[in-house]
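**Q** Here it is: the structure, laid out below.
The values are calculated or read from the model by the stated rules, or taken from the named source; none is laboratory data. It should be emphasised that the depicted structure is a prediction, and the values quoted were computed from it without experimental measurement. Here the Cβ is made from the backbone with ideal geometry for all residues, glycine too, and neighbour counts use every protein chain on show.
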Amino acid sequence: AQSVTQPDIHITVSEGASLELRCNYSYGATPYLFWYVQSPGQGLQLLLKYFSGDTLVQGIKGFEAEFKRSQSSFNLRKPSVHWSDAAEYFCAVVESGAGSYQLTFGKGTKLSVIP
Amino acid sequence: NAGVTQTPKFQVLKTGQSMTLQCAQDMNHNSMYWYRQDPGMGLRLIYYSASEGTTDKGEVPNGYNVSRLNKREFSLRLESAAPSQTSVYFCASSAGTSGALSTDTQYFGPGTRLTVL
């Protein structure tokens, strides 16, 4: 079964600094990969997704992520963090081609932004 | 266009009570989902419905039942609530049907915070 690991439970960055949130997956075939963001008290919103093609994916709000098959990783990046980016970020994976309907989420990384 | 709506926003139950969480979407989506979110656990799928009239179990279905009332509505019922069901519950929907779900974007509601005493 697929699994997703987000090694960092909580990250604090200064406003304007760069950001990288880590995500590793465990799955044999090509996965479909997603990053979602959850602002406090809100539901989840899709930032970006990857399922084929260019391994560098652009998303909303200035985020991007790079799929690295050799490292089983799909890290989320942003060159300059804004205070409004403070939220919890979830990486998720779905099996490809297996008829699976289940989106498996990582446990999340909480991002704090300091002025 | 409200997207995915959930009612109620908050609920407190006593052990053994029953209740139904309501979810509706106005995006004409085929698939709908119920998740629970617990601290340090991420989101876990309870049940899903790939099309009107069908429902299937997810990762943690025990203690829950669902009804896909029509294309718009998907309800989650707790027949006899237990403290272990204290959680935040999210409903989501996506456009695809069976076979197309894996690349679909899921759109989430704002959640229902349930406490079982």
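**Q** Would you mention how many residues in the stretch B:5-32 are part of a loop (DSSP other than H, G, I, E, B) and either out of contact with any helix residue (DSSP H, G or I) (no Cβ under 7 Å at 6 or more places or on another chain) or within 11 Å of chain A (Cβ to nearest Cβ) (or both)?
**A** 11
**Q** Another one. Within the bounds of the stretch A:61-80, is there any residue that is among the small types (Gly, Ala, Ser), in contact with a strand residue (DSSP E or B) (Cβ under 6 Å, 6 or more places away or on another chain), closer than 16 Å to B:THR105 by Cβ and modelled with pLDDT of 95 or more?
**A** yes
So that you can scan it fast, the table gives a plain yes or no per residue for (1) outside any loop (DSSP other than H, G, I, E, B); (2) among the charged types (D, E, K, R); (3) within 10 Å of the chain's Cα centre (by Cα):
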site: B:TRP34; (1), (2), (3): yes, no, yes
site: B:ARG44; (1), (2), (3): yes, yes, no
site: B:SER51; (1), (2), (3): no, no, no
site: B:ASN62; (1), (2), (3): no, no, no
site: B:LYS71; (1), (2), (3): no, yes, no
site: B:ARG77; (1), (2), (3): yes, yes, yes
site: B:SER80; (1), (2), (3): no, no, no
site: B:SER93; (1), (2), (3): yes, no, yes
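One line per residue, one yes/no per condition, for (1) more than 10 Å from every other protein chain (Cβ to nearest Cβ); (2) charged (D, E, K, R); (3) touching a Cys at 6+ places or on another chain (Cβ under 9 Å); (4) over 30 Å from B:ARG113 (Cβ atoms):
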site: A:TYR36; (1), (2), (3), (4): no, no, yes, no
site: A:GLN42; (1), (2), (3), (4): no, no, no, no
site: A:PHE51; (1), (2), (3), (4): no, no, no, yes
site: A:LYS61; (1), (2), (3), (4): yes, yes, no, no
site: A:HIS82; (1), (2), (3), (4): yes, no, no, no
site: A:GLU88; (1), (2), (3), (4): no, yes, no, no
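**Q** Residue by residue through the stretch A:9-26, note down the ones that are more than 15 Å from A:SER84 (Cβ to Cβ) and of a type outside the set (Phe, Trp, Tyr).
**A** A:ILE9, A:HIS10, A:ILE11, A:THR12, A:SER18, A:GLU20, A:LEU21, A:ARG22, A:CYS23, A:ASN24, A:SER26
**Q** Would you point out which residue out of B:LEU69, B:LEU45 is closer than 25 Å to B:ASN28 by Cβ, without any contact (Cβ under 8 Å) to a residue 24 or more places away in the chain and crowded, with 20+ Cβ neighbours inside 10 Å?
**A** Sole residue among the options that is closer than 25 Å to B:ASN28 by Cβ, without any contact (Cβ under 8 Å) to a residue 24 or more places away in the chain and crowded, with 20+ Cβ neighbours inside 10 Å: B:LEU45.
**Q** Scan the stretch A:92-111 and tell me whether some residue there is crowded, with 17+ Cβ neighbours inside 10 Å, free of Cβ contacts under 8 Å to residues at least 60 places away in the same chain and either more than 11 Å from the chain's Cα centre (by Cα) or within 23 Å of B:SER94 (Cβ to Cβ) (or both).
**A** There is at least one residue in the stretch A:92-111 that is crowded, with 17+ Cβ neighbours inside 10 Å, free of Cβ contacts under 8 Å to residues at least 60 places away in the same chain and either more than 11 Å from the chain's Cα centre (by Cα) or within 23 Å of B:SER94 (Cβ to Cβ) (or both).
**Q** So, one more: Pairs only if they're at least six apart or on different chains, beta carbon under 6 angstrom, first in the stretch A:57-76 and farther than 10 Å from A:LEU33 by Cα, second of a type in the set (Gly, Ala, Ser); list them, first residue then second.
**A** A:VAL57/A:ALA65; A:LEU76/A:ALA65
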